[in-house]
Structure formats: C-alpha cells, structure tokens
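J.: Below you'll find the structure I mean.
Read-outs throughout are calculated quantities, based only on the coordinates presented, and are distinct from any laboratory measurement. The model shown is predicted, which means the values in this text are computed figures rather than measured ones. Positions of Cβ are generated from backbone atoms using ideal geometry, with glycine treated the same way; all protein chains shown enter the neighbour counts.
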C-alpha cells in the first residue's frame, strides 16, 4: 500500500480523486486508503505465519476477519459505478459510524452530537441527502444515513465478497471462539470413554485457502479501482503486478 499511495499522489489532473482533493471532498478516498492499509497489515501477518512453517488452528481466521471487513468497506467506498455525490455520502457514513463507535466507548455525548451536526451541514452543502427514520407515533425521527442507509457489516459482505453471508458468519464465529465452527460435531470421533468424543483442532487448509483467496482477490480489485479513480488505466496496476510477481516469489 505504501507503493500505491506514493503512485497516486498526486493523482492525474481531472481524475475523480483529483477533483475530490481540490474541493476538499475526499472523505471516502481517505477512509478507503486507511481500510486498505489495515487489511494489508492483517494479510501480511498471515503471510508471516505461513512462512514460519507452523500454522495455528484458529488465529489465521481471526486475522482474516478484520481484513475481510476492511476490504468490503473499501469496495463500497471505491465503487466505480456511483457518482461522486454518492461516494461522498458513503464517506460521511463511515465518519458517522466512527462517531457511533466512539459514543459506545464513552466519548462525551455532546461532543459526538456536535460532530454529527457538522456532518449533516457538510452533507446538505454538497447535495447529499440526510436520511431520517420513518415517522412513528410518539418517537422522534433519527438519522439513518447520508445519501443511503448506513449498511451493516453483514450487508457489505453480501454485496462485495464471494459467499458473503456465509463467510461473515464463519469468520465471526472464529473471532468469538464459537464451538460450532471450531469444534464441529461432524468432525467428532469416539473418545476413550463412551461419554466423550475427540476432535482434531488442525486447521483445514483447503477451507482456509478458499476464504483467503476471496479476500485477496477483493484486495487486488480494490487497489485497481483506486488507481482508476486516481486517473490511471487498470492496466497500470496489472502491468506492475506482472513485472513484480517473479521478484516477489524469489526466496529471501
């Protein structure tokens, strides 16, 4: 990602990223950059584990879950098929979601409300709809999103990752150490006594490789999208990979 950031700074004049930068409307791009860096940080850690020669039972999935979440959120922000107004709305939703998490962590409520009001003013000034909940008897309408509703992680997995909802449930279960995924009954074998069973905790490399592959492909596509939005044809990224992969595959 360090290479990518240095390659697109500055972006091509007149590109979407360039226009967003010049008008100070680049929330979505800045969040996407952070998300891609965070995802790569986790993915590189998985690579280090694989290169060590000993692969743990559960930890690789725990690393893959935040990488996958970062990638689907980045894809939502870097979507090539939306307008820049819609992209700004999605960037504002990321900022709002960040404030929601701070509120849950105990940050001063009035400070949070002040920042939300700032986001609402920014949205209105730039043609992004401030969406409120439907009217209900005896209840005030509340913010539900900028331009569109704030999507949950599950919804973003469904939209942007192969086997999205299944991958989300599977990876989340590993993060929370749920026995149904880490100790499935289908893998149980008779134990030494009739009342007990034994289960191998060895990681299933075929399953892990399949999930990892889907996240890596999304990461690769996201980087390509970022280049396109910065004004470069996708072949720039593809050509770079074609030149670099033989070098990267050489043993240290």
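J.: As a check on your grasp of the helix formula, calculate [θ] at 222 nm for the chain: sum -39500 (n - 2.57) over DSSP H runs of n ≥ 4, divide by the residue count, round to the nearest 500.
T.: -21000 deg cm²/dmol
J.: Could you calculate, for region 36-185, the ratio of the Cα radius of gyration to the Kirkwood radius, expressed as Rg to Rh? Mind showing how you got there, number by number?
T.: On the way: Rg = 18.6 Å, Rh = 17.7 Å.
With Rh from the inverse mean 1/r over Cα pairs, Rg/Rh is 1.05.
J.: Using the number of other C-beta atoms within 10 angstrom as an exposure proxy, rank 8, 55 with the fewest first. Mind dumping the intermediate values first?
T.: Details: 8 21, 55 14.
Placing the least packed residue first, the sequence is 55, 8.
J.: Determine, from the Cβ-Cβ distance of residue 24 and residue 177 and an R0 of 51 Å, the FRET efficiency 1/(1 + (r/R0)^6), rounded to the nearest 0.05. Can you show the working numbers first?
T.: Numbers: r = 44 Å, r/R0 = 0.86.
Plugging the Cβ-Cβ distance into 1/(1 + (r/R0)^6) gives 0.70.
J.: 7 Å from Cα along Cα→Cβ at both residue 105 and residue 83: what's the point-to-point distance in nm?
T.: Between residue 105 and residue 83, the simple spin-label model gives 3.5 nm.
J.: Using 0.36 nm times the number of residues separating residue 169 and residue 2, minus their current alpha carbon distance, what extension gain do you get? Let's see the in-between values first.
T.: On the way: separation 167, 0.36 × 167 = 60.12 nm, distance 3.14 nm.
Full-extension gain reported as 57.0 nm.
J.: Here's another thing I want to ask about it. Please report the spacing between the Cα centers of region 189-217 and region 100-118 in Å, no decimals.
T.: Comparing the Cα centres of region 189-217 and region 100-118, I get a distance of 42 Å.
J.: Using 0.36 nm per residue, how much length does the chain from residue 148 to residue 62 gain when fully extended, once their Cα-Cα distance is taken away?
T.: Numbers: separation 86, 0.36 × 86 = 30.96 nm, distance 3.02 nm.
My answer for the length gained is 27.9 nm.
J.: Using Cα atoms only, what is the angle between the long axis of helix 234-248 and the major principal axis of the chain, expressed in degrees (0 to 90) to the nearest 10?
T.: So the inclination is approximately 30 degrees.
J.: Once the Cα gyration tensor of region 31-117 is found, what semi-axes does its equivalent ellipsoid get, as square roots of 5 times the eigenvalues, in whole Å, sorted largest first?
T.: Numbers: eigenvalues 193, 73, 13 Å².
In descending order, the three semi-axes are 31, 19, 8 Å.
J.: Could you quote the convex hull projected area for region 166-246, Cα atoms only and averaged over all directions, in nm²? Before the final figure, lay out the partial values.
T.: Details: hull surface 32.8 nm².
Mean projected area of the Cα convex hull: 8.2 nm².
J.: Then there is this: Measure out, as a whole number of angstrom, how far apart the alpha-carbon centroids of region 50-75 and region 125-176 sit.
T.: First find each Cα centre; the distance between them is then 23 Å.
J.: What percent of all Cα-Cα pairs in the chain falls into each 5 Å bin, going from 0 up to the bin containing the maximum distance?
T.: Using 5 Å bins, I get a P(r) of 1, 5, 11, 14, 15, 14, 12, 10, 7, 5, 3, 2, 1, 0, 0 for the chain.
J.: Let me ask another. Can you give the FRET efficiency for residue 205 and residue 244, using 1/(1 + (r/R0)^6), R0 = 25 Å, r = Cβ-Cβ distance, to the nearest 0.05? Mind showing how you got there, number by number?
T.: Numbers: r = 26 Å, r/R0 = 1.04.
The computed FRET efficiency comes out at 0.45.
J.: Also, I was wondering about something else. Within 10 Å, count the other beta carbons around each residue, average over each peptide in 143-156, 217-230, and list them highest first. The partial results should precede the final answer.
T.: On the way: 143-156: 17.0, 217-230: 20.0.
With the highest mean Cβ count within 10 Å placed first, the list reads 217-230, 143-156.
J.: If you line up the long axis of helix 27-52 against the longest principal axis of the chain, both from Cα atoms, how many degrees apart are they, to the nearest 10?
T.: Rounded to the nearest ten degrees, it is 20.
J.: To continue, here is another question. Starting with the highest mean, order 117-130, 66-79 by the number of other Cβ atoms within 10 Å, averaged over the residues of each peptide. Show your work: numbers first, answer last.
T.: Values: 117-130: 15.3, 66-79: 24.2.
Taking the mean over residues of other Cβ atoms within 10 Å, the ranking is 66-79, 117-130.
J.: Compute the Cα gyration tensor for region 1-40, then decide on rounded, prolate or oblate, letting a ≥ b ≥ c be the square roots of its eigenvalues: rounded whenever a/c is under 1.5, prolate when a/b is larger than b/c in the other cases, and oblate in all that remain. Kindly include the intermediate steps, with their values, before the conclusion.
T.: Working: a/c = 3.37, a/b = 1.48, b/c = 2.28.
In terms of gyration-tensor shape, oblate.
J.: Which angle from 0 to 90°, rounded to the nearest 10, does the C-alpha axis of helix 84-104 make with the longest principal axis of the chain?
T.: 60
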